[in-house]
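The values are calculated or read from the model by the stated rules, or taken from the named source; none is laboratory data. Quantities reported herein were computed from a predicted structural model and do not represent experimental measurements. When we count neighbours, we look across all protein chains shown, and the Cβ atoms used for this are built from the backbone with ideal geometry, even at glycine. Note: accessible area is taken over every heavy atom of the protein model, side chains too, but ligands, DNA and RNA are not part of it. Shrake-Rupley method; radii C 1.70, N 1.55, O 1.52, S 1.80 Å.
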Amino acid sequence: ELNRNEAALCCASVRFHSRGGESLLAVGTVTSMTMHPLGHKESHVVLYRVVNGDRLQFLHRTKVDDGPVLSLVHFQGRLLVGIGRTLRLYEMGKRQLLKKCELRGLPTMVKTLHAAGDRAYVGDMMQSLHFIRYDSTANRLVLVARDRSSRPITCQELLDMNTVAVGDKFGNVSILRLPGGADVGAIDVTGTRALWDSSREDATPKLETLCTYHVGEVVTSMTRASLVAGGAESLVYVTVTGRVGAFVPFTSREDVEFYTSLEGYLRVEAPRPTGRDPQAYRSYYAPTKHIIDGDLCDAYAQLPYETKQKIAEQLDRSVGEVMKKLEDTKNALL
């Protein structure tokens, strides 16, 4: 049980090399937190041992400064913690966690955190995504790249070592990628390198925006998953109202050309109950990029047969072939 007025904000499974790889549960807690104005009395990282898979045994509690603990992740046999504007790496100790290194000066507050290899992917509450690299020889965290747009991150999912999908509080989903060679010239903002490197905003490499799409609701979580046995992975997301959606990657140029053409025709032919342009809605905050509007393509089935026939002829297909293509795409996911 937690103490009075104490709430758990995040948790993560962690395996410390110093404990032989035993799986422990790390929980970030905050005491007497108020939302307006934003404040709290104190923050802790609490460690538990999982006993027989159904009980938790308390190990120790570590008090942390600099802000609330909103994110935790296992990182190379240690625990990486986002504490306010600080990213800190902890090692297991007998009575509390031991601080090994930290990176201060992040824009507002660390909201989301992922790790892979020697990299950490930090989602800031107001200033989008930051790629961080751990330099084991110097025992320091180094800023590799940041996003050029200010996105209030609500969730993120790692797609590969250089690519991350993020959702923001305005209902947008974006896919960001680290440009080639940016990791080699990483800028250190801890002050151990030349001062002019960390003081120049334009010296830090910027992430590339591969895809952008306006979902229309706040995306609260997303994950890579395959919903059918042996099927390809898709990016599945959920929204604040409980809606579940997915982004399905195309595997052939033919599919891209087909759906791009179909979407273009439906923007003209599909009915508009509210009178709004579908493309303008999906580009509400930023122009939609490299993502096909699946909801709009589904509207093909509700069109009058004459309109279906007209669109199918422009696509050099029959109505049945267009309907089968839509069904095949759904079946690949479900």
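In the chain, taking the dipole from charged Cβ atoms about the Cα centre, the farthest positive-side position among Pro152, Phe250, Asn139 is held by Asn139. Evaluated with a Cβ-only charge set (Lys, Arg +1; Asp, Glu -1), the chain carries a dipole of roughly 1420 debye about its Cα centre, given to the nearest 20.
Based on the alpha-carbon gyration tensor of the stretch 290-332 and its eigenvalue square roots a ≥ b ≥ c, which shape applies: rounded if a/c is under 1.5, prolate if not and a/b is larger than b/c, or oblate? Here the stretch 290-332 falls in the prolate category.
Along the chain, the exposed loop sites are GluC sites (Glu not before Pro) outside DSSP states H, G, I, E and B with at most 14 other Cβ atoms within 10 Å, and the longest stretch free of them is 23-232.
Calculated accessible area for the chain comes out at 51 Å² per residue, all protein chains present (probe 1.4 Å; ligands, DNA, RNA ignored). Across the alpha-carbon atoms of the stretch 257-325, the computed radius of gyration and Dmax are 12.2, 36 angstrom.
Cross-link check: pairs Lys63/Lys99; Lys41/Lys63; Lys310/Lys330; Lys41/Lys94; Lys63/Lys169; Lys63/Lys100 evaluated at a Cα-Cα cut-off of 21 Å; pairs beyond the cut-off: Lys310/Lys330; Lys41/Lys94; Lys63/Lys169. The orientation-averaged projection of the convex hull spanning the C-alpha atoms of the stretch 1-122 amounts to 7.8 square nanometres.
So what is log10(I(q)/I(0)) for the stretch 1-56 at q = 0.12, 0.21, 0.22 1/Å, when the Debye sum runs over its Cα atoms only? For the requested q values the scattering log ratios are -0.36, -0.81, -0.86. Across the protein chains, with a 1.4 Å probe defining accessible surface, the residues Thr307, Thr108, Thr260 rank Thr260, Thr108, Thr307 from largest area downward. Where the accessible area of the chain is counted over protein heavy atoms with a 1.4 Å probe, how much of it, in %, is carbon and sulfur? About 50 percent, which is the carbon plus sulfur part of the accessible surface.
Each principal axis of the Cα atoms in the stretch 71-112 has its own extent, and those three values, largest first, are 33, 15, 15 angstrom.
Each principal axis of the Cα cloud of the chain was evaluated for its coordinate range; sorted largest first, these ranges are 74, 52, 42 Å.
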